[in-house]
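The values are calculated or read from the model by the stated rules, or taken from the named source; none is laboratory data. Predicted model only: the values in this text are computed from it and were never measured. Note that we place each Cβ from the backbone using ideal geometry, even for glycine, and neighbour counts take in every protein chain shown. SASA here: full protein model, heavy atoms, side chains in, ligands and nucleic acids out. Shrake-Rupley method; radii C 1.70, N 1.55, O 1.52, S 1.80 Å.
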Protein chains: 2
Amino acid sequence: MTSSERAESLKRSLALLWGKADEPTRGPKPALTRERIVETAIAIADQEGVGALSMRRIAAALNVGAMSLYRYVPGKDELIDLMVDHSYGEGPALDETGGWRERLEAVCRGEWAHYHRHPWLLHVQQGRPLMGPNALLSTEAALRILDGTGLDGREMIDAIVTTSSWVAGLARTSVEASRAATETGVSDDEWWAAQEPYLSDAMGERYPMLGRVAESGGFDGPTDRSFEFGLRRVLDGLEVLIAARRAGEHPDAG
Amino acid sequence: MTSSERAESLKRSLALLWGKADEPTRGPKPALTRERIVETAIAIADQEGVGALSMRRIAAALNVGAMSLYRYVPGKDELIDLMVDHSYGEGPALDETGGWRERLEAVCRGEWAHYHRHPWLLHVQQGRPLMGPNALLSTEAALRILDGTGLDGREMIDAIVTTSSWVAGLARTSVEASRAATETGVSDDEWWAAQEPYLSDAMGERYPMLGRVAESGGFDGPTDRSFEFGLRRVLDGLEVLIAARRAGEHPDAG
DNA sequence: GCGTGCTCACGTACACTGTACCCAGTTCGG
DNA sequence: CCGAACTGGGTACAGTGTACGTGAGCACGC
């Protein structure tokens, strides 16, 4: 794909996201809609994993030929762009009352649940997210939470980036662990049992800390406990900054 | 792949990681070594992206046939396991002096640099990481940092999981953004310019906060500034907990 | 020494993937 | 009513991971 081709693809995605693609009147009535394709694709990705999401698989679920999908969507990349933005439009609107901390906590819990509902979100391109209508709405809501905390624009963005990055990072290990368990049929217990001979060889000799932690049961994979722990720490860290801002400290001192 | 097949593959990976595979004496001398294959694969993944990492590509770089690699490695999954653990054995040993905060900060900076050196790490299975020798060593070193802070075993693990998750989450967006820029030839400016018409349509109407933040220049993608910001917040959050522990608070109150 | 059998490299083949291209059938505007 | 516009879909191609089979090379037991 050349540079200009990718630029063209970007324009197409944007037009699709904002529904600016003009529909023709001539010709036979379409058997499908873009929304039906997107929702079917999301259902497949949710249930069978992102690895099972192929154009042929989606087409089969819709009882059409594989190439018919390309009448509605320029390619798989653009379809995924649509899936991402569509998923952001699911949940209920956020409660806009309460302090920034409880509201930001609610956002984190929402993202945590969202990633577990749609694990494929963690496996698609997210470096330069297409800002669709629903993604914009989510960002706007998150920003509104931090309005009035004394943070400037950059800091508000960075605060949201920090919490979102943490949730995404943790959700990725959590989601992949549970997917690995169900897909491979190797349970967590079997997994650790297989590694145990090698680990216990190493522990006690060169890795004393690992041995101590293993005895206290620290190695049971990322759980909700890890989420609750991190949530408090990250919000505590933000609270330190916000308290300093409200006490009137100069930005450079934060 | 059936359940028992995956269990077998797991055992093979472990044996490879710990070098317990006994070498035969009969037959012709091998033309390759497993280490050479792993290092070549890492070089390709670093330079050309994980998408370009195919068995045929690796074999071509080593001047052998694609199937020859399967004499040294059971499959691509196991090769990636080896690549991951190999990459953990690169950096210099950590400085073991100083307070927990500066040492943990150094770990975070190390991971940040590590992910930028090997972006493919963020795209491989990490839900149930195979604990190879080098991975164990890194974990041990991180745990040792938190020894004596008053945290118990579970909390030490959760603290490390929290910082690592945040670094990984942020690195993923950062790495993908820069890769997208070089691979597609669409610069950051062009990217935002393409979206601008749609965004400015929405701003001012329904998304006032976004408009304000955009004016203050908050939307320039994840940079080192985002990293420095998050680093302070996450460590501040941990410091709140550790200070409470040292003041003798009961764990349930944290 | 020498055959036996283990181990090597590698070619072929198969089931997948995304999607470019082409063609036949449908439907509406003029 | 007829041509233009549009639809669905078949075929084909260049990729992927890897199962399987074929010879060639090397070390050991006799």
Peptides B:90-96, A:206-212: what's the order by average Cβ count within 10 Å, highest mean first? A:206-212, B:90-96
Excluding ligands and nucleic acids, what accessible area in Å² is computed for A:K76 using a 1.4 Å probe, to the nearest 10? 80
Just by accessible area at a 1.4 angstrom probe, what is the order of A:M83, B:M131 from largest to smallest? B:M131, A:M83
For the range B:83-174: span of alpha carbons on each principal axis (Å, largest first): 35, 26, 23
Give the span of the range B:137-218's Cα atoms along each principal axis, as three whole-Å numbers ordered largest to smallest. 54, 33, 17
How long, wide and thick is the range A:100-253, going by the Cα atoms along their three principal axes, in whole angstroms, largest first? 55, 36, 25
Its Cα gyration tensor gives the range A:27-97 an equivalent ellipsoid whose semi-axes in whole Å, largest first, are 25, 15, 10
